[in-house]
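The values are calculated or read from the model by the stated rules, or taken from the named source; none is laboratory data. Bear in mind that the values here come from a model prediction, so they are computed numbers and not experimental data. With ideal geometry, Cβ positions are generated from the backbone for all residues, glycine too; neighbour counts draw on all protein chains shown.
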Amino acid sequence: MEIELVNQLVESEKEGRSVVLATVIKSHGSSPREEGAQMLVWPDNSIAGTIGGGPAEAEVIEKSSEMIKKNVEDPIKLHFRMDNDTSAENGGICGGNVDIFLELYNFNNEGVH
């Protein structure tokens, strides 16, 4: 994890703000970011870092926001198929596949849940 993301995660804990960590766990073909790329998402849809932009990142932000609002404690794995046809239909430019893992860090007075 990049030091800037670590610092922002620590700040979220200090402020008691929940956040979702999105991580590219599998990448195949021409995908926007490599495995290990990470992004933090807060309830107001603000982000730090990137997992590649485009429609996939927009959906990750949406799902992350839902996780926070619904307090979904179990991690979620999303799969995006970005072949040329699918990608073009959705406004993307890459032609690979990615799996993204979403983890909720629910910071409150009792620690992480």
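Residue under question is Ile61, and the condition is that it be at pLDDT below 95 and either touching a helix residue (DSSP H, G or I) at 6+ places or on another chain (Cβ under 6 Å) or part of a helix (DSSP H, G or I) (or both); does it hold?
No; evaluated as a whole, the condition is false for this residue.
Would you say Gln38 is modelled with pLDDT of 95 or more and more than 11 Å from the chain's Cα centre (by Cα)?
Numbers: modelled with pLDDT of 95 or more: yes; more than 11 Å from the chain's Cα centre (by Cα): no.
Answer is no for this residue.
Return the pairs, sorted by first residue and then second, in which the second residue is β-branched (Val, Ile, Thr), the first residue lies in the stretch 1-30 and is without any contact (Cβ under 8 Å) to a residue 24 or more places away in the chain, the beta carbons are less than 7 Å apart, and the residues are 6+ apart or on different chains.
That search, which allows pairs on different chains as well, returns nothing.
Take the residues in the stretch 47-58 that are part of a loop (DSSP other than H, G, I, E, B) and buried (at least 21 other Cβ atoms within 10 Å of the Cβ), then tell me which one is farthest from the chain's Cα centre (by Cα). Quick ask: steps written out before the conclusion?
Just the residues of the stretch 47-58 that are part of a loop (DSSP other than H, G, I, E, B), to begin with: 50-53.
Filter once more, so that each one left must be buried (at least 21 other Cβ atoms within 10 Å of the Cβ): 51-52.
Details: Ile51: 7, Gly52: 10 Å.
If we take residues in the stretch 47-58 being part of a loop (DSSP other than H, G, I, E, B) and buried (at least 21 other Cβ atoms within 10 Å of the Cβ), then Gly52 is farthest from the chain's Cα centre (by Cα).
Within the stretch 71-94, is there a residue that is modelled with pLDDT of 95 or more, among the charged types (D, E, K, R) and not in a helix (DSSP H, G or I)?
Yes - at least one qualifying residue is present in the stretch 71-94.
I need the full set of residues from the stretch 24-46 which are buried (at least 18 other Cβ atoms within 10 Å of the Cβ) and part of a strand (DSSP E or B), in order please.
Val24, Ser27, Gln38, Met39, Leu40, Val41
Looking at Asn106, is it modelled with pLDDT under 95, over 20 Å from Val24 (Cβ atoms) and buried (at least 18 other Cβ atoms within 10 Å of the Cβ)?
In short, yes.
Residues in the stretch 31-63 that are under 16 Å from Gly96 (Cα atoms), in contact (Cβ under 8 Å) with a residue 40 or more places away in the chain and not charged (D, E, K, R): how many?
Residues flagged as under 16 Å from Gly96 (Cα atoms), in contact (Cβ under 8 Å) with a residue 40 or more places away in the chain and not charged (D, E, K, R) within the stretch 31-63 amount to 6.
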